[in-house]
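The values are calculated or read from the model by the stated rules, or taken from the named source; none is laboratory data. Being a predicted model, the structure only gives us computed values, none of them experimental. Cβ placement follows ideal geometry from the backbone for every residue including glycine, while neighbour counts extend to all protein chains displayed.
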Amino acid sequence: MSTSAIQWTDATWNPVTGCSHVSEGCDHCYAETLTRMKAAAGVWEAPDLPWTAENAEANVILHPERLDRPLRWRKPRMVFVNSMSDVFHPRVPTKFIVEMFNVMAAAPQHTFQVLTKRPKRMRNFLRAAKKCEGGWLTHNGEEPLSYGEGGLVLNDKPGWPLPNVWLGTSIESREYIGRADLLREAPAAVRFISAEPLLGPLVPEVADSPDPCDDCGARATRELGGFIYCEECAARHGLDLLNIDWLIAGGESGKDHRPVEAQWVRDLRDACQKIDTAFFFKQWGGRTPKAGGRELDGRTWDEMPEVAK
């Protein structure tokens, strides 16, 4: 087991390592930095290559020998799946994703947190899986796990969606707000958004401008990411938290970190409170993850989603 320094989880499980950049939030990826550092030092068997699309074939590595690890952990815990990759990266075969979900189904004592920047593939995979002839199966505890023609030896069909699997997507700026719609379309017991690193406002701010709305020409009353909107258009362009159970926000860390503005975080917190979405503020960021602390308006925000028993 790999214990985690990430405040909102207990452990990490990485049946896949390596990834490639898909949006601006990937520019200073901690997983890439750590992997390349360990590879250069000869500590990890991984390529010391930039995480570009061209290098994905070499960088994205499957670790079938790690598949059964959660089945050995008796104590219940929160498990962040593929903290060093993306479950739904195009280089990860569908069959391998199926095996990961089978393991999650076979370990109901744990809660698995699956976070992706590729929610379209996640939605399509889970929709198709729901319609599969055999559905999801659970491990019988007798046969060994395998990755190959036979796959896992399993039996018994659990409920759908898997009650111990939370699905999330990353939204770092307004350009990627549409990922929330794809997340809503995926069958899930709990849905969450990670707004980390938060690179811009996701919720419209009050502007009360005499200028016309940039969309429809009506009187503008809101500002979002440099655009001026009326109330109706602002709601369409801002982040919709409908059916989102949890939102994590945080600033970027590292030597090239991009600063986060306090108002962006406050607006997200206030939007969560209006709709009863749990809000978790991870960090302000800076040179190191702990540099700016975690307090927002004099307190920490560690809310977690309520899960039906």
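Key figures for this structure:
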| read-out | value |
| --- | --- |
| Residues located in the stretch 186-203, provided they are within 14 Å of Asp245 (Cα to Cα) and touching a residue at least 60 places away in the same chain (Cβ under 8 Å) | Ala186, Pro187, Ala188, Ala189, Val190, Phe192, Ser194, Ala195 |
| Scope the stretch 62-112; condition at pLDDT below 95 and polar (S, T, N, Q); matching residues | Thr94, Asn102, Gln109 |
| Hits in the stretch 263-297 (condition: in a loop (DSSP other than H, G, I, E, B) and polar (S, T, N, Q)) | Thr277, Thr288 |
| Glu261 touching a residue at least 60 places away in the same chain (Cβ under 8 Å), more than 19 Å from Gln7 (Cβ to Cβ) and either touching a strand residue (DSSP E or B) at 6+ places or on another chain (Cβ under 6 Å) or among the acidic types (Asp, Glu) (or both) | yes |
| Number of positions in the stretch 243-256 that are farther than 11 Å from Leu198 by Cβ and modelled with pLDDT of 95 or more | 4 |
| Test: residue in the stretch 48-66 that is touching a strand residue (DSSP E or B) at 6+ places or on another chain (Cβ under 7 Å), surrounded by 18 or more Cβ atoms within 10 Å (Cβ to Cβ) and under 21 Å from Ser170 (Cβ atoms) | yes |
| Residue within the stretch 223-238 that is touching a residue at least 60 places away in the same chain (Cβ under 8 Å) and within 19 Å of Glu175 (Cβ to Cβ) present | yes |
| Count of the stretch 23-49 residues which are within 25 Å of Ala195 (Cβ to Cβ) and of a type outside the set (Ser, Thr, Tyr) | 9 |
| Strands (runs of 3 or more DSSP E) lying entirely in the stretch 178-262 (those with 1 or more residues that are outside the structural domain of His110 (by TED's automatic domain parsing)) | 222-224, 227-229 |
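Listed here are the residues, each with its yes/no results for (1) among the polar types (S, T, N, Q); (2) crowded, with 18+ Cβ neighbours inside 10 Å; (3) not assigned by TED's automatic domain parsing to the domain that holds Pro163.
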| position | (1), (2), (3) |
| --- | --- |
| Arg72 | no, no, no |
| Arg91 | no, yes, no |
| Thr94 | yes, no, no |
| Met100 | no, yes, no |
